[in-house]
Amino acid sequence: DWSSDVCSSDLELFRELNHICKDDAILATKGAEAAALVVETLAVRVRTLGDEHPDTLASMSILASTLYSQGKYAEAAKLDRRTLAKRHRALGEEHPDSLASANNLANTLRVQGLHAEASALHVETPR
């Protein structure tokens with residue numbers, strides 16, 4: 001059980017940052033400050049859960065989305081690729097989170113003008 005390896009201060013930080021990182025309004029309006037919080041959340045999750053735990057991968061995806069919203073498309077695409085690869089390994093290619101990662105990467109590639117590569121990845125995800 002991973003929780004036995006986590007100290008109480010990590011758990012407190014984890015809870016606070018998790019709440020903030022799930023709030024799209026905060027991410028959209030706080031810019032660099034929000035990105036720093038997402039990076040911190042990701043670091044805590046990697047340290048406490050491992051780099052392929054579904055919650056860690058969710059934080060990676062949130063960070064990629066934050067970079068995208070800041071117009072940092074190349075950085076977002078790089079992180080989207082890593083997230084997709086890790087989700088394929090950890091969850092399988094047909095898992096809804098893997099499909100969402102493929103969709104996110106396709107959107108990031110499309111905004112960069114990489115339409116052929118985006119089209120190859122773009123999938124319809126259930127709503």
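The values are calculated or read from the model by the stated rules, or taken from the named source; none is laboratory data. What you see is a predicted model, and the numbers here were worked out from it, not measured in a lab. Glycine gets a Cβ as well: all are built from the backbone with ideal geometry, and neighbour counts include every protein chain shown. The protein model used for the area step is the full one, side chains on, heavy atoms only, and it has no ligands, DNA or RNA in it. Shrake-Rupley method; radii C 1.70, N 1.55, O 1.52, S 1.80 Å.
So here's what we get for this one:
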item	result
Residue pairs meeting the criteria (Cβ under 6 Å; at least 6 apart or on separate chains; first within 9 Å of ALA100 (Cα to Cα), in segment 114-127; second at pLDDT 55 or above)	VAL123/LEU99; VAL123/ALA102; VAL123/ASN103; THR125/LEU99; THR125/ALA100; THR125/ASN103
Members of segment 82-104 that are of a type in the set (A, V, I, L, M) and modelled with pLDDT of 95 or more	LEU84, ALA85
Hey, ALA34 open to solvent by less than 30 Å² (accessible area, probe 1.4 Å), modelled with pLDDT under 95, of a type in the set (Gly, Ala, Ser) and in a helix (DSSP H, G or I) or not	yes
Every residue from segment 110-119 that is of a type outside the set (A, V, I, L, M) and either surrounded by 18 or more Cβ atoms within 10 Å (Cβ to Cβ) or part of a helix (DSSP H, G or I) (or both)	ARG110, HIS115, GLU117, SER119
Filter pass, VAL44 being touching a helix residue (DSSP H, G or I) at 6+ places or on another chain (Cβ under 7 Å), farther than 16 Å from LEU99 by Cα, surrounded by 16 or more Cβ atoms within 10 Å (Cβ to Cβ) and in contact (Cβ under 8 Å) with a residue 24 or more places away in the chain	yes
Segment 39-81, subset β-branched (Val, Ile, Thr) and within 23 Å of ARG110 (Cβ to Cβ), residue modelled with the lowest pLDDT	THR66
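Yes or no, residue by residue, for (1) in a helix (DSSP H, G or I); (2) open to solvent by less than 60 Å² (accessible area, probe 1.4 Å); (3) under 20 Å from ALA35 (Cα atoms); (4) out of contact with any Pro (no Cβ under 9 Å at 6 or more places or on another chain):
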{"position": "ILE62", "(1), (2), (3), (4)": "yes, yes, yes, yes"}
{"position": "ALA74", "(1), (2), (3), (4)": "yes, no, yes, yes"}
{"position": "ARG81", "(1), (2), (3), (4)": "yes, no, yes, yes"}
{"position": "ALA85", "(1), (2), (3), (4)": "yes, yes, no, yes"}
{"position": "ARG89", "(1), (2), (3), (4)": "yes, no, no, yes"}
{"position": "GLU93", "(1), (2), (3), (4)": "no, no, no, yes"}
{"position": "ASN104", "(1), (2), (3), (4)": "yes, yes, yes, yes"}
{"position": "THR108", "(1), (2), (3), (4)": "yes, yes, yes, yes"}
